[in-house]
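See structure below.
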Amino acid sequence: MLAVDDSTVMQEIIKASMANDYNIVVADNAVDALSLIYNQPIAILLLDIAMPGINGLELCRTLRSMPQFYNLPIIMLTARNKAFDKVQGRLAGATEYLTKPFDAQQLREACNKALHQKNLTVSSEQ
C-alpha cells in the first residue's frame, strides 16, 4: 500500500491504522509517488488531494491514463468533503472517496472492498 500525503502526521496516522493489515510505504508528493509505483508493486493507493506541485486529482488522472495502472485501486483520503469534491474525485478515476478525519475501520473496509473488486476485474479479464 502506498499512502501519498504531504502531512507527516497523517502519514503516521495511516501507518498506525493500517500496519496490521498492510505493508505501508509513504510519499509526500506525486513525483515521489510515481517513482515508487514504477519501482515496486503497489496493491492499493491512498491519495490526498491537496499536495504541493501535482495534486492528487492530477496524479489520479495520470495513473488512470496508463494501462498498467488502470485497475490499481485508488482511494482518495482527503479533507475535501463537499459533494463537488467527491464528484471530481470519481471523475479523476478514484475507486473510493473518504474524508478526513477518517475512521480506521472504514478505511480498512474500503481497502478490502477495492482489492476484492480489483481481483474480480483482473480474473474476469483473463
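The table that follows gives values for the structure above.
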| item | result |
| --- | --- |
| Sole exception among (1) modelled with pLDDT of 95 or more; (2) surrounded by fewer than 18 Cβ atoms within 10 Å (Cβ to Cβ); (3) not small (Gly, Ala, Ser) for CYS60, by number | (2) |
| Candidates ALA43, ALA33, filtered to the one that is within 14 Å of the chain's Cα centre (by Cα) and either part of a helix (DSSP H, G or I) or surrounded by 17 or more Cβ atoms within 10 Å (Cβ to Cβ) (or both) | ALA33 |
| Every residue from the range 85-112 that is in contact with a Cys (Cβ under 9 Å, 6 or more places away or on another chain) and more than 16 Å from ASN55 (Cα to Cα) | GLU96 |
| Verdict on PHE84 being closer than 22 Å to ASN112 by Cβ and either at pLDDT 95 or above or surrounded by fewer than 22 Cβ atoms within 10 Å (Cβ to Cβ) (or both) | no |
| Verdict on ILE44 being touching a residue at least 12 places away in the same chain (Cβ under 8 Å), hydrophobic (A, V, I, L, M, F, W, C) and over 22 Å from PHE69 (Cα atoms) | no |
| Test: residue in the range 71-79 that is farther than 25 Å from ASN112 by Cβ and surrounded by fewer than 17 Cβ atoms within 10 Å (Cβ to Cβ) | no |
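The values are calculated or read from the model by the stated rules, or taken from the named source; none is laboratory data. Quick caveat: nothing in here was measured; it's all calculated off a predicted structure. Backbone-built Cβ (ideal geometry, glycine too); neighbour counts: all protein chains shown.
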